[in-house]
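The values are calculated or read from the model by the stated rules, or taken from the named source; none is laboratory data. Quantities reported herein were computed from a predicted structural model and do not represent experimental measurements. Here the Cβ positions follow ideal geometry from the backbone for every residue, glycine too, while neighbour counts run over all protein chains shown.
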Amino acid sequence: MNDGLDRFRAHLFHDERLGVWLDTSRVRWTADFLDGLEPRLQAAYEAMAALERGALANADEGRMVGHYWLRAPELAPDPAIRDAITTTLGRVLTFAEDVHAARIRPERASRFRDVLLIGIGGSALGPQLVSAALTSPADRMRVWFFDNTDPDGFDRTLDAIGDALPGTLAVVISKSGGTKETRNGMLEAEAAYARLGLDFAKHAVVVTGEGSELDKHAVARGFLDRFPMWDWVGGRTSELSAVGLLPAALQGLDVEDMLRGARAMDEVTRSRVTKRNPAAQLAAAWLSATGGAGKKDMVLLPYKDRLELFSRYAQQLVMESLGKRLDRQGREVWQGISVYGNKGSTDQHAYVQQLRDGVDNFFVTFLEVLLDRAPQRGDLSVEPGVTPGDYLSGFLQGTRRALDERGRASITITLEALDATSLGALIALYERAVGIYAELVDINAYHQPGVEAGKKAAQAVIDLEQRVLAGLRAKAGTALSLAEVAAAAGSDDPETVFWILRHLSANPRRGVLRVRGQGAEAEVGSPLDWSWMVAAAP
Ligand SMILES: O=P(O)(O)OC[C@H]1O[C@](O)(CO)[C@@H](O)[C@@H]1O
C-alpha cells in the first residue's frame, strides 16, 4: 500500500452535508501526537461547552463570549439575549427590504443604490471579506468602505462613488462607538454630504453598543436607524451579528444561508470526537506546526480570487485572539501565530520561491473551491480538454507537492462551492479553531489589551500637537528652533515634536512653515536644525 495515500486517508476529514474537506496529512505530525494531545483536547471541548453555556470566558473583561449564539439563539443562556438576536435579525432583514423597495429613501435621490460602510478592524474586515467573496451581478447595492483615517483614502473612495453619493447609505459600525478612525470617517462623510447640501443623518445608520458615544450621536442627529452590538460579541467574531449581516443584506446576499452554514459547522465542531471535529483538527495541526509557541507563521493561500481577503480577515481573528503576553495563569508566554497571505496561484509568482527554497518558518494553508465557476457561464478550453480551472487546481496541487518534497508543512481546506452557506461555515470553522487553540495554550482569546498602548500613545501625540500649535501661534512670525518649539509646548520629547512639525509642514493648512537656517552649518546640518514658525496667526 502507498504510504502517502495511507497517510492522506488517515488525515482526511470530509463532511458531505457541509461540503467541506480538511486534509492535515501534510502537517506530518508524528503518529502519537494527536493521542498525546487528546486529554488537552477533551479539556478544550469542555471549556468550549462552558463558554457556549454562558461562562465568563473573557474573564479579564468579565464578559460572556456569545458569537455562537448568533446562529443558534436557542443556545443563549438568557431569554433576553435570545430575543435580542432574533429581533435584530428580523430588523436587519426588514430594513434591507425597505431600502431595496425604496420605502426608506434618501433625501434627494429616488432610492439608495450604494452603501458606504465606515468601520475598522472587526467592524470592517468581515463585511469586506463577505462583500468581495459573494458579489455577483444580482447584487442589489454596491458596497464601499472607509476603513482607515487616511484623508487621501477618503477622497479616493468618494471619487469612486462620484455622483452616486446622494443615493448612498452610510453604515457606521463601531462596537465601542469611540474608535477615532471610524469617527473621522463619519465626519468626512458628513462633510461630503453637506457639500452637496444633504443632511448626513437622513443617509445614515449605525451599528454600535447601546449608549456608546456613536449611539448618542445617532440619536441626537436623528439617524435613519440604529442596530445593536453587544458586549458578549467580540469585534473579530462579529460577522454574523448586525455588523456583518446588515451590509450583506443590503448588498442582497443571503444572510440566512450564511447563518445556516455557520450553524451547521458549529454542530459538527462541537463534537468531542477529535476525528470528527475539523476545528479541533485544525487547532491541533496549528499546534503541531508551531510547537504551540508561534514558532512558525500561518501562510494562507486561497486559490480563489473571491477569497483573497480571507487572509486579512483571519489575520485579525487569529493574531488579535492568540497574540498574548500572558497566559491565563499570569505567566509571561508571548503567544501568537503570525498570519499572512493573498491568493494562489498569483503568489506562486511572488513568494512561493522562498516558501520552497528559503527559511522554513511557516506552514501553508491552501484553500480550494472545487466548483471553478458558475455552471451557466460555460467553460473555455485553453488547450484541448483543459480549462483555466484545471490549471488553478493543478497549481495548488503542484505547490502542495513541491512544498511537501522539501518537508514544508501544509494543510488544505476544500469547499465544494463558494456561496453564502459555505462562507458562513468557513468563518465558523476558524472561529472555533481559534477558540480551541486558545484553550490548548491556555490564553484568553477574547480580549486585546495590547492594542490599547498604541491608541494611547497616538492620543498623546494629538494632544502634544495642540500644545505645539499653541506655542507656535503665541510666537507667530518668529522662527523657532526645535528645542524652542518643544519648550514652548512644554514637552521634553523633541523627537516627537519634530515628527509633528514635519507633518504639519507638509500639510500647510495650519500655516506652519519649515524654515531653512542661515549659514553653512545649517545648510549641511540635519533637518532637526531647521527652524519653525507660523506664517500668520489664524
Ligand atoms: O468596533 P470598534 O469598537 O470600532 O473597534 C474596531 C476594532 O478595534 C479593536 O478594538 C482593536 O483596536 C478591534 O478589536 C476592533 O475590531
Give the residues of the range 95-123 that are within 16 Å of the ligand (Cβ to nearest atom) and part of a helix (DSSP H, G or I), sorted by residue number. 121, 122, 123
When you scan the range 270-292, do you find a residue that is of a type outside the set (S, T, N, Q), assigned by the TED database to the domain that holds residue 419, closer than 21 Å to residue 420 by Cα and crowded, with 22+ Cβ neighbours inside 10 Å, even just one? yes
Let me confirm something: among 218, 201, which residue is more than 11 Å from the ligand (Cβ to nearest atom), crowded, with 21+ Cβ neighbours inside 10 Å and in the same structural domain as residue 89 (by the TED database)? 218
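Go through 237, 274 for me and flag whichever is of a type in the set (Ser, Thr, Tyr), more than 16 Å from the ligand (Cβ to nearest atom) and within 24 Å of residue 426 (Cα to Cα).
Exactly one residue qualifies, and that residue is 274.
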Taking the conditions exactly as written (part of a helix (DSSP H, G or I) and of a type outside the set (Val, Ile, Thr)), does residue 390 satisfy them or not? yes
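Each row is one residue, and each column tells you yes or no for (1) of a type in the set (A, V, I, L, M, F, W, C); (2) in contact (Cβ under 8 Å) with a residue 24 or more places away in the chain; (3) under 27 Å from residue 284 (Cβ atoms).
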site: 352; (1), (2), (3): yes, yes, yes
site: 376; (1), (2), (3): no, no, no
site: 379; (1), (2), (3): no, no, no
site: 412; (1), (2), (3): no, yes, yes
site: 422; (1), (2), (3): no, yes, yes
Residue check, residue 497 against (1) more than 16 Å from the ligand (Cβ to nearest atom); (2) in contact with a Ser or Thr (Cβ under 7 Å, 6 or more places away or on another chain); (3) closer than 30 Å to residue 58 by Cβ; (4) not acidic (Asp, Glu), all met but one. Which one? (3)
Number of the exception - residue 223 against (1) more than 16 Å from the ligand (Cβ to nearest atom); (2) closer than 28 Å to residue 114 by Cβ; (3) crowded, with 24+ Cβ neighbours inside 10 Å: (3)
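For residues that are part of a loop (DSSP other than H, G, I, E, B) and crowded, with 19+ Cβ neighbours inside 10 Å, scanning just the range 443-467, find the one that is farthest from the ligand (Cβ to nearest atom).
First, pick out the residues of the range 443-467 that are part of a loop (DSSP other than H, G, I, E, B): 443-448.
The next check asks that each one be crowded, with 19+ Cβ neighbours inside 10 Å; those that pass are 443-446, 448.
On the way: 443: 16, 444: 13, 445: 12, 446: 10, 448: 5 Å.
Checked the range 443-467; the qualifying residue farthest from the ligand (Cβ to nearest atom) is 443.
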Suppose the filter is touching a residue at least 12 places away in the same chain (Cβ under 8 Å), under 33 Å from the mean Cα position of the chain (by Cα), surrounded by 23 or more Cβ atoms within 10 Å (Cβ to Cβ) and assigned by the TED database to the domain that holds residue 371; does residue 440 pass it? no
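Every residue, every condition in (1) closer than 30 Å to residue 433 by Cβ; (2) of a type outside the set (Asp, Glu); (3) in contact with a strand residue (DSSP E or B) (Cβ under 6 Å, 6 or more places away or on another chain); (4) without any contact (Cβ under 8 Å) to a residue 24 or more places away in the chain, yes or no:
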site	(1), (2), (3), (4)
78	yes, no, no, no
89	yes, yes, no, no
96	no, yes, no, no
105	no, yes, no, yes
122	yes, yes, no, no
127	yes, yes, yes, no
130	yes, yes, no, no
133	yes, yes, no, no
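Could you pull out the residue among 129, 169, 134 that is more than 13 Å from the ligand (Cβ to nearest atom) and touching a His at 6+ places or on another chain (Cβ under 7 Å)?
Being more than 13 Å from the ligand (Cβ to nearest atom) and touching a His at 6+ places or on another chain (Cβ under 7 Å) holds for just one of 129, 169, 134, which is 169.
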Would you mention how many residues in the range 410-434 are within 16 Å of the ligand (Cβ to nearest atom) and not charged (D, E, K, R)? 3
Just a yes or no: is a residue in the range 77-94 part of a loop (DSSP other than H, G, I, E, B), within 16 Å of the ligand (Cβ to nearest atom) and over 15 Å from residue 203 (Cα atoms)? no
Counting only residues in the range 28-74 that are closer than 21 Å to residue 228 by Cβ and either basic (Lys, Arg) or without any contact (Cβ under 8 Å) to a residue 12 or more places away in the chain (or both), the one surrounded by the most Cβ atoms within 10 Å (Cβ to Cβ) is identified as 71
Residue pairs within 8 Å by beta carbon, gap of at least six or interchain, first lying in the range 208-221 and more than 16 Å from residue 235 (Cα to Cα) and at pLDDT 95 or above, second among the polar types (S, T, N, Q) and surrounded by 15 or more Cβ atoms within 10 Å (Cβ to Cβ), listed first then second, are 215/208; 218/208
Residue list for the range 147-202, filter: among the acidic types (Asp, Glu) and over 21 Å from residue 462 (Cα atoms): 155, 159, 163, 190, 199
When you scan the range 14-62, how many residues do you find that are outside any loop (DSSP other than H, G, I, E, B), basic (Lys, Arg) and within 23 Å of residue 427 (Cα to Cα)? 2
